[in-house]
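**Student:** Quick one: the structure is below, questions incoming.
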Amino acid sequence: MEEIVSLDTFQPFDGMIKMFPHHNFPYFNCDYNLMLTLAHFFRKDELSILNNVVTIYKFDKQKIQTRGYFKLQVLDLEEGDKILKEMGISIHKKSPEIDSLQNEIISSIVKGNPISIFIDLFYQRGREFYFNKKHGLHPVFVYGFNLTNKEIYTVDDITEYRQYSLPFSEFIISCMSSEHIKMPNYFWEYSQESPANHDGLSNKKLAQTHINKFIENMCRYENEITEGLNNILLLAENFELVITNETFIETLSSTIYRKCSEKYRLNTLYKYNIDSIDARPILDSLLDQIINEWKSVRIYSNKAIMSKKFTGEIIDKCKGILNKIYTNEVNFNTQFFLMLKAAKSL
């Protein structure tokens with residue numbers, strides 16, 4: 001009989017896949033997926049995580065030949081560790097000797113504590129961009145261990161964000177890289193603090209506190225967000241140059257899933273009486289249009305890149321769509337901030 005130690009209720013965050021069933025988008029990035037997975041496991045409210053992000057369009061002409069020339073920048077308002085602590089989840093960071101890694105993993109799981117272990121993606125099979133090509137540290141959740149066949153159970157986003165199992169002998173190699181010099185405490189154990197520390201406010205009051213904080217933060221960045229929209233027009237102006245950059249499709253994809261993340265958050269916020277002016281129909285329609293328009297730019301760009309035919313017709317088509325995105329984003333933000341300010345004055 002197999003001997004397994006496992007956190008049976010540990011499941012990857014699945015909110016985004018429920019909203020977008022045919023895609024496995026992260027919520028903004030892998031760090032947020034990690035925090036949302038922890039929130040669900042420890043049965044904590046996810047609002048403070050969802051509301052920790054401000055997104056601003058950026059364009060830098062100097063970087064057109066490299067990376068980062070255009071992005072929907074994700075701005076974190078607070079450190080992830082701080083948010084988890086405020087939620088009542090504490091993190092114990094350490095650096096076990098490789099020989100004792102198996103025992104450390106088992107010890108944490110027996111206590112009911114999930115772990116994230118930072119691995120070097122150079123050694124992670126299935127990670128096409130990195131495997132045997134490129135180094136980079138990345139956190140992987142560990143929630144179980146099979147002592148009989150020496151397999152480790154993880155939650156990760158190798159091909160999609162889900163549960164995986166792999167030989168421990170393979171996993172351990174990715175923990176022994178020279179990359180770990182950059183991050184000596186590669187083993188993070190998460191545990192629940194005594195609930196007494198965090199029960200001062202009722203759930204309803206706590207949610208309202210998070211909503212008020214969100215409105216305040218968004219209004220603080222209103223000018224920066226609004227001015228950032230002009231960067232969509234700069235992308236359109238420089239389209240002939242960016243479409244030939246090998247990272248362009250990747251850039252468009254990250255813009256799309258970040259807009260989808262905004263949709264997920266907005267959908268959650270509606271549950272908290274944030275929309276006193278009935279802005280939802282307009283906001284939902286505009287955001288869906290924006291997401292679909294970014295997808296259209298990606299489809300046309302992909303065709304041009306695959307065929308190596310960067311015709312004036314395709315470039316003009318994409319420029320036209322980008323101008324539409326700009327107009328829709330201006331209208332969306334106008335309505336969005338009207339809604340927030342109305343909620344603020346209640």
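**Student:** Considering only the range 168-182, state which residues are hydrophobic (A, V, I, L, M, F, W, C) and either in a loop (DSSP other than H, G, I, E, B) or touching a residue at least 40 places away in the same chain (Cβ under 8 Å) (or both).
**Tutor:** Matches in the range 168-182: Phe168, Phe171, Ile172, Ile173, Cys175, Met176.
**Student:** Within the set of pairs 6 or more residues apart or between chains, which connect a residue that is over 14 Å from Ser177 (Cβ atoms) and modelled with pLDDT of 90 or more inside the range 121-138 to a residue that is open to solvent by 40 Å² or more (accessible area, probe 1.4 Å) and of a type in the set (S, T, N, Q) with Cβ atoms less than 7 Å apart?
**Tutor:** Listed by first residue and then by second, the contacts come to Gly126/Thr159.
**Student:** State which residue is least open to solvent (accessible area, probe 1.4 Å) when the search covers only the range 147-158 and only residues that are in contact with a Phe, Trp or Tyr (Cβ under 8 Å, 6 or more places away or on another chain) and in a loop (DSSP other than H, G, I, E, B).
**Tutor:** Ile158
Conditions tested, residue by residue: (1) modelled with pLDDT of 95 or more; (2) touching an Asp or Glu at 6+ places or on another chain (Cβ under 8 Å); (3) within 30 Å of Glu246 (Cβ to Cβ).
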{"site": "Asp288", "(1), (2), (3)": "yes, no, yes"}
{"site": "Asn292", "(1), (2), (3)": "yes, no, yes"}
{"site": "Ile299", "(1), (2), (3)": "yes, no, yes"}
{"site": "Ala304", "(1), (2), (3)": "no, no, yes"}
{"site": "Phe310", "(1), (2), (3)": "no, yes, yes"}
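**Student:** Within the range 80-90, which residues are open to solvent by 30 Å² or more (accessible area, probe 1.4 Å) and either closer than 15 Å to Asn217 by Cβ or modelled with pLDDT under 95 (or both)?
**Tutor:** The answer is Asp81, Lys82, Lys85, Glu86.
**Student:** Just one of Gly144, Gly126, Gly136 is more than 30 Å from Met218 (Cβ to Cβ) and out of contact with any helix residue (DSSP H, G or I) (no Cβ under 8 Å at 6 or more places or on another chain); which is it?
**Tutor:** The match here is Gly126.
**Student:** Could I ask something else about it? Tally the residues that are among the acidic types (Asp, Glu) and farther than 18 Å from His210 by Cα, restricting the search to the range 42-81.
**Tutor:** 1
**Student:** Are there any pairs with C-beta distances below 8 angstrom linking a residue in the range 253-271 that is without any contact (Cβ under 8 Å) to a residue 24 or more places away in the chain and of a type outside the set (A, V, I, L, M) to a residue that is open to solvent by 10 Å² or more (accessible area, probe 1.4 Å) and assigned to a helix (DSSP H, G or I), with the two at least 6 apart or on different chains, and if so which?
**Tutor:** Close Cβ pairs satisfying both conditions: Tyr270/Arg280.
**Student:** Just give me the residues in the range 285-295 being surrounded by fewer than 17 Cβ atoms within 10 Å (Cβ to Cβ) and among the polar types (S, T, N, Q), in sequence order.
**Tutor:** Ser285, Asn292
**Student:** Which pairs turn up if I take residues in the range 183-201 that are closer than 23 Å to Ser116 by Cβ and open to solvent by 60 Å² or more (accessible area, probe 1.4 Å) and look for partners that are of a type in the set (Val, Ile, Thr) and at pLDDT 85 or above with beta carbon separation below 7 Å, at least 6 apart in sequence or on another chain?
**Tutor:** So the pair list comes out as Gln192/Ile89.
**Student:** Can you name every residue in the range 242-284 that is within 28 Å of Lys204 (Cβ to Cβ) and open to solvent by less than 20 Å² (accessible area, probe 1.4 Å)?
**Tutor:** Hits for the range 242-284 are Ser261, Arg265, Leu266, Thr268, Leu269, Ile274, Ala279, Leu283.
**Student:** Continuing with this model, one more query. Does the range 297-346 hold any residues that are open to solvent by less than 40 Å² (accessible area, probe 1.4 Å) and of a type in the set (S, T, N, Q), and which are they?
**Tutor:** The answer is Ser301, Asn328, Asn333.
**Student:** Check off (1) under 22 Å from the mean Cα position of the chain (by Cα); (2) of a type outside the set (Phe, Trp, Tyr); (3) modelled with pLDDT under 95; (4) surrounded by 16 or more Cβ atoms within 10 Å (Cβ to Cβ) for Arg162 and give me the number that stays unchecked.
**Tutor:** The one condition Arg162 does not meet is (4).
**Student:** Output the qualifying pairs, or none if there are none: Cβ atoms under 6 angstrom, residues six or more apart or on different chains, first residue in the range 33-60 and within 27 Å of Ile290 (Cα to Cα) and open to solvent by less than 10 Å² (accessible area, probe 1.4 Å), second residue charged (D, E, K, R) and in a helix (DSSP H, G or I).
**Tutor:** Leu50/Arg265; Ile56/Glu224
**Student:** Using the structure shown, decide if Ile225 is modelled with pLDDT of 95 or more, open to solvent by 50 Å² or more (accessible area, probe 1.4 Å) and either of a type outside the set (D, E, K, R) or not in a loop (DSSP other than H, G, I, E, B) (or both).
**Tutor:** No.
**Student:** Would you check if Ile232 is open to solvent by less than 20 Å² (accessible area, probe 1.4 Å) and within 18 Å of Asn51 (Cβ to Cβ)?
**Tutor:** Considered against the rule, which asks whether it is open to solvent by less than 20 Å² (accessible area, probe 1.4 Å) and within 18 Å of Asn51 (Cβ to Cβ), Ile232 comes out as no.
The values are calculated or read from the model by the stated rules, or taken from the named source; none is laboratory data. This is a predicted model, so every value here is computed, not measured. All Cβ positions, glycine included, derive from the backbone under ideal geometry; neighbour counts span all protein chains shown. Ligands, DNA and RNA are excluded from the accessible area calculation, which covers all protein heavy atoms including side chains. Shrake-Rupley method; radii C 1.70, N 1.55, O 1.52, S 1.80 Å.
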